Amino acid sequence: MTEVCKELFGTAPDQGPVEKWILRSDSVSVEILSLGCVIKSIKTADRSGQSADIVLGYDDLEGYLSNPRYFGAVVGRVANRIAKGRFVINEKEYKLAINNGPNALHGGLKGFNKAVWKTEVVDNGLKLSHSSPDGDEGYPGNLRTSVTYRLEKNTLSMLYHAQTDQTTPINLTNHSYFNLAGQGKPDIYDHEVTISAESYLPVDDTMIPTGEIKAVENTLFDLRKPVLLGSRLKELPGPGFDHNFCLCTPGEPQLEKKCASVVHPGTGRVMEVSTTQPGVQFYTSNFLDGTLKGKGVASYPKHSAFCLETQNWPDAVNQAHFPDALLRPGKEYTHTTRYTFSVV
């Protein structure tokens with residue numbers, strides 16, 4: 001059985017108390033905030049039994065109230081980028097806040113990461129719920145959504161649900177930044193990454209997919225066998241990985257499958273990811289620059305963590321040949337992602 005307990009973490013202006021929940025099994029401990037469904041910490045042991053926190057973040061509530069890099073948060077209604085902050089549903093154009101170059105990113109100026117969610121204890125975990133009103137950040141429809149975290153032995157699962165009364169785009173993910181050597185370590189160059197994807201989405205200079213679905217074969221994006229990140233990042237043009245890897249073809253049934261694994265040879269820590277989502281955004285924290293001070297006053301420079309954001313393909317609401325990004329009345333949005341931690 002997983003131990004589940006609660007503490008008061010602070011008070012959010014205009015929203016009230018923020019809770020910190022601790023989920024603890026024999027091998028893993030996870031802290032979750034009611035603000036933004038944030039995963040505040042994940043503590044796992046290395047091969048010698050030494051436990052360390054492997055996700056980036058802050059010690060106090062003040063850091064998470066601003067949280068410009070979305071550490072640990074659930075982002076929505078639509079994670080990732082929407083080109084020019086615009087989309088059309090039933091011949092009506094909707095306009096969103098532009099908050100990432102010329103594009104909309106991660107739900108807007110006050111997305112789901114800024115909300116204090118309602119909490120409810122469930123078996124081996126915690127269910128967090130949030131209602132987003134019609135017009136919230138420019139999106140249509142009243143949307144009811146929940147995220148359920150469960151810790152069972154060495155696996156943390158995340159179950160996403162949503163329902164709407166008007167057709168609306170939705171794409172929820174968790175934006176945790178991982179360093180398997182321990183948060184605060186300077187880089188992830190000694191991590192080995194595998195992503196089970198036959199194709200990826202090339203992007204333009206504003207990080208919007210060009211529309212091409214490109215095979216990874218004979219490219220630097222071929223991560224189907226373990227790749228040492230440091231040497232691959234040196235070869236890769238640009239600042240690093242910030243790309244969607246395609247886990248299925250559009251229209252294919254979305255069954256849960258293992259999509260990625262990361263190994264840190266130094267400590268022996270292993271993280272495996274499985275999901276029902278059609279894509280995973282692999283991001284190597286290219287936009288961290290050392291100015292943010294995290295837990296224990298740690299500095300978080302470029303390439304000090306990686307993200308594996310399981311989600312729909314970016315800008316899918318504007319690209320008809322991408323997997324459907326719209327939730328319609330009477331339908332249910334539901335997805336599952338699991339992180340499993342072990343050692344070698």
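The values are calculated or read from the model by the stated rules, or taken from the named source; none is laboratory data. Predicted model only: the values in this text are computed from it and were never measured. Note that each Cβ is placed from the backbone with ideal geometry, even for glycine, and that neighbours are counted across all protein chains shown.
Key figures for this structure:
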quantity: In the stretch 57-93, residue nearest to the chain's Cα centre (by Cα) [restricted to those that are farther than 26 Å from Lys40 by Cβ and aliphatic (A, V, I, L, M)]; calculated: Ile82
quantity: Residue under evaluation Ala104, criteria (1) in a strand (DSSP E or B); (2) under 22 Å from Phe178 (Cα atoms), criterion not met; calculated: (2)
quantity: Qualifying residue in the stretch 166-174 (condition: of a type outside the set (S, T, N, Q), out of contact with any helix residue (DSSP H, G or I) (no Cβ under 8 Å at 6 or more places or on another chain) and in a loop (DSSP other than H, G, I, E, B)); calculated: yes
quantity: Residue in the stretch 120-133 that is in contact (Cβ under 8 Å) with a residue 12 or more places away in the chain, assigned to a loop (DSSP other than H, G, I, E, B) and buried (at least 22 other Cβ atoms within 10 Å of the Cβ) present; calculated: no
quantity: Only listed residue being of a type in the set (Lys, Arg), over 17 Å from Ile195 (Cα atoms) and at pLDDT below 95, chosen from Lys331, Lys293; calculated: Lys293
quantity: Single unsatisfied condition, Val30 versus (1) touching a His at 6+ places or on another chain (Cβ under 8 Å); (2) of a type outside the set (Lys, Arg); (3) on the phi < 0 side of the Ramachandran plot; calculated: (1)
quantity: Thr148 being within 19 Å of His175 (Cα to Cα), in a strand (DSSP E or B) and either touching a Leu at 6+ places or on another chain (Cβ under 7 Å) or not aliphatic (A, V, I, L, M) (or both); calculated: yes
quantity: Those residues of the stretch 30-88 which are in a loop (DSSP other than H, G, I, E, B), acidic (Asp, Glu) and in contact with a Phe, Trp or Tyr (Cβ under 9 Å, 6 or more places away or on another chain), in sequence order; calculated: Asp60
quantity: Single residue of Leu96, Leu109, Leu105 found to be under 19 Å from the mean Cα position of the chain (by Cα) and buried (at least 17 other Cβ atoms within 10 Å of the Cβ); calculated: Leu105
quantity: Selection within the stretch 34-82 - out of contact with any strand residue (DSSP E or B) (no Cβ under 7 Å at 6 or more places or on another chain), surrounded by 17 or more Cβ atoms within 10 Å (Cβ to Cβ) and charged (D, E, K, R); calculated: Arg69
quantity: Within the stretch 274-301, tally of residues that are part of a loop (DSSP other than H, G, I, E, B) and either more than 30 Å from Tyr160 (Cα to Cα) or of a type in the set (Phe, Trp, Tyr) (or both); calculated: 7
quantity: Residue that is surrounded by fewer than 14 Cβ atoms within 10 Å (Cβ to Cβ), farther than 22 Å from Lys257 by Cα and either out of contact with any Asp or Glu (no Cβ under 7 Å at 6 or more places or on another chain) or among the hydroxyl-bearing types (Ser, Thr, Tyr) (or both), where the choices are Val317, Val344, Val297; calculated: Val297
